[in-house]
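Enquirer: Take a look at this one; I'll ask things after.
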Amino acid sequence: MQLLPLLLIPLLTAISAYFSGKNAKYVALGGSLLNLGYVLFLLYTYNTTGQETITFSVPWIPQLGVSFSLMLDGISLMLTILSAIVMPMVLYASFNRDYPDRHVLYALMMLMDAAMAGSFIAADGFLFYLFWEIALIPIYFICLKWGGEGRQKITLKFFLYTMVGSLFMLFAFIYLYQHTPDKTFALQALYEAGRSLPVQEQGLVFAGIFLAFAIKMPIFPLHTWQPETYYIAPTPGAMLLSGIMLKMATYGIIRWLIPVVPQGVAEYGIWAVGLSVVSILYASFISIVQKDYKRLIAFASIAHVGLISAGLLSANVQGIQGGLVEMLSHGINSVGLFFVYDIIVTRTGTSEMDKLGGIRSIDPRLGFMFLIIVLGVVALPFTNGFVGEFLLIVGLFKYNQVLGAFAGLSIILGVVYMFRSFQKMMLGEVKDEALNYKKQTRQETMLLLLVCLLIVGFGVYPKPILAISEKSVVELLQGIAQ
Amino acid sequence: MTIPLVLLAILSIIGGWMGIPHGIAHAMGIHKSFDTFLAPVLGTFEMHASLGMELAIMGVTTLLIIATIYYAYLLFVKKQVRPVRDVEALTGPSRLIAGRFFIDEFYRKYIVQANDKFAQLLENVVENRVVDNTVNAIGTAVSAISNRFRKIQTGQLEHYVLVFVVAVAVMVALLI
């Protein structure tokens, strides 16, 4: 029962927000803060009672072997914390714009939050698939209704892409289901069914599930929906997509891929890791030549997620721990980057970096905070990005030294594209577009300050974060080794 | 600027002792102070040249420095030569030195510009032409196929009956 509030709080908030008219944003923010409080309570319980896994299960469709099973261990808790921290930030960030039909927008955002939370704690393959799909519907409508130019075509592309990937995952789950003795979608039963398969069949299941995750993250060459979708999405939508939603796929690698077909991952994983490393380098190079700041963030995200994917698939403690920490960092940093975009665009009407310049001289506070976010993104020591990326590269290096070395280049290339964007927009002479630039509001300062504090806080003292998932990760890997 | 320079001067004196030739350090009885300073972290390494080799390297280096100082004295103090501002006007080693070995130019041309050109190539060719066109081609192909199949629905009853009869005939043939 302890886990149900994780779904019910956002779900009830979504319904309340829908009927709250102009106050919808306050209702949504209140609900997300309540959810954050509850997650912190769970974290406290987790740390103090030593209870390693919280479960909840009731039969749902017994004829199909589907149960409403939820599970929270250290790994799920990390993602639940990410979602609980990022959600209020996304909602608060949206306060600086007046969106039409805001009650619908906030209801959809909270509905998406509930679905994403569900995917992080689902312990039944069917249920995971269900939450995975449900999360897609609100963001589709958010992009379609509040998105920018060309949204119909782009959102359809995004929807189709993700649906095709999901279909392969469903095939893989059904295949595993058929191999369970009791014909069930229960997590442990799928683990046992997957592990009992011959290596080649594990490889096929691996390919099916990884394809769904590779599209969602996304990984080269399945990424083409992402820069366009981020570009047209309203800022809260882009924050949700980048900050939380793509983590459903990276989390899926840990929960629904590696332990399901460990031999398949060991045998064929090198292809997926190789593709992830290509994705890192490809997206980093493309980021360098982007002229638009929002498209740059989109490609930078592909590069970072490629590193997470490669590290996770290394299937060692450092890789998975690094991946989890990096998911948290990436979520926070994405909110920061997109919020800076929103601040600049609402004042200048453009995100073309060549048209911007000298903003730091008008608003030094924004310049300073943006610099901290940039440093977090480029993984400077004592920032949150460093902890995750360092562990990921160590994990990847242990797996394959050549791939590890190439992946390490992402840090250098990251410095190139992020610092260039900072220089172009913040430094130099004030360009025409920035002439009437107004300084930050208190709301904007507060949110950016929070982002900066989290970046530095997690960077300086990452131990409590690493401790949350360490035990679960070790157990997961021990389970595979047996 | 004085304080940073003072600090750097002090550090350079300390830093110099780190690379003190092994033979001299032994003679002075201070070799353990520096040799084993990082041993707890890096372990111990016994690798050094012979005393003669160390003295020879020191001697040659010192002579080169003295010769350079003397040459600079002749050039700038005795002959009162002033450095040429325009690097292009110089030739040979003077040009190389005046241009700071052209490291910045090399870096700009072969690292920065090459990097930018490669990135632009990826954007223009791989991203925009290969990947985007492939994805769009799949979408176009699906549209084209559905456009063809759409025409099966003619709305004429005779066609549907014909398809129905043919389908039944095929099924019967397969079953027999």
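Enquirer: Please sort A:215-222, A:13-20 by packing, taking for each peptide the average over its residues of neighbouring beta carbons within 10 angstrom, highest first.
Expert: Put in order of decreasing packing, that is A:215-222, A:13-20.
Enquirer: Using helices alone, I'd like the mean residue ellipticity at 222 nm for the protein assembly as shown: each DSSP H run of four-plus residues gives -39500 (n - 2.57), total over residue count, nearest 500.
Expert: Only helices count here, giving -23500 deg cm²/dmol.
Enquirer: So if R0 is 45 Å, what FRET efficiency would B:Q120 and B:R150 give, r being the distance between their Cβ atoms, rounded to the nearest 0.05?
Expert: 0.60
Enquirer: With angles folded into 0 to 90 degrees, how steeply does helix A:74-93 sit against the dominant principal axis of chain A? Use alpha carbons for both and round to 10.
Expert: Its long axis makes an angle of about 30 degrees.
Enquirer: Rounded, prolate or oblate: which fits the stretch A:18-91, taking a ≥ b ≥ c as square roots of the Cα gyration tensor eigenvalues, rounded meaning a/c under 1.5, else prolate when a/b beats b/c?
Expert: oblate
Enquirer: Given DSSP loops and a limit of at most 16 other Cβ atoms within 10 Å, what is the longest stretch of chain A that contains no such GluC sites (Glu not before Pro)?
Expert: Maximal segment without exposed cleavage sites: A:150-428.
Enquirer: On the first, second and third principal axes, largest extent first, how far apart are the outermost C-alpha atoms of chain B in Å?
Expert: 111, 53, 36
Enquirer: When the solvent-accessible surface of protein heavy atoms is calculated with a 1.4 angstrom probe, in what order do A:H330, A:H179 fall, highest first?
Expert: Greatest to least solvent exposure: A:H179, A:H330.
Enquirer: When a/c reaches 1.5 or more, the comparison of a/b and b/c decides; with that in mind, is the stretch B:103-144 rounded, prolate or oblate per its Cα gyration tensor?
Expert: Verdict is prolate for the stretch B:103-144.
Enquirer: How big is the A/B interface in buried accessible area, both sides summed, 1.4 Å probe, to the nearest 100 Å²?
Expert: Summed over both sides, the interface buries about 1200 Å².
Enquirer: Also, quick follow-up: Once you have a ≥ b ≥ c as the square roots of the Cα gyration tensor eigenvalues for the stretch A:357-482, tell me rounded if a/c is under 1.5, and otherwise prolate or oblate according to whether a/b is larger than b/c.
Expert: oblate
Enquirer: In addition: Which of the listed residues, B:A144, A:A434, A:V205, is farthest toward the dipole's positive end in the protein assembly as shown, when Lys, Arg count +1 and Asp, Glu count -1 at the beta-carbon?
Expert: A:A434
Enquirer: Just want to confirm a number: the relative contact order over chain A, from Cα pairs under 8 angstrom separated by 6+ residues, in percent.
Expert: Here the relative contact order equals 15 percent.
Enquirer: Report the FRET efficiency, 1/(1 + (r/R0)^6), for A:V430 and A:D98, where r is their Cβ-Cβ distance and R0 is 30 Å, rounded to 0.05.
Expert: Given R0 = 30 Å and the Cβ-Cβ separation, E is 0.60.
Enquirer: Please report, as a whole percent, how much of the solvent-accessible surface of the protein assembly as shown comes from carbon and sulfur atoms (probe radius 1.4 Å).
Expert: 69
Enquirer: OK, next. For peptide B:131-144, how many partner chain Cβ atoms fall within 10 Å of a residue's Cβ, on average?
Expert: Mean shielding by partner chains, rounded to a whole number: 2.
Enquirer: How would A:L296, A:L34, B:L75 line up by accessible area, probe 1.4 Å, largest first?
Expert: A:L34, B:L75, A:L296
Enquirer: Tell me the label-point distance for the pair B:V166, A:K439, using the 7 Å Cα-to-Cβ offset, in nm and rounded to one decimal.
Expert: Roughly 7.8 nm, to one decimal.
The values are calculated or read from the model by the stated rules, or taken from the named source; none is laboratory data. Computed from a predicted model, the values in this text were never measured in an experiment. Note: ideal-geometry Cβ built from the backbone for every residue, glycine included; neighbour counts use all protein chains shown. Note: areas computed on protein heavy atoms with side chains; ligands, DNA, RNA excluded. Shrake-Rupley method; radii C 1.70, N 1.55, O 1.52, S 1.80 Å.
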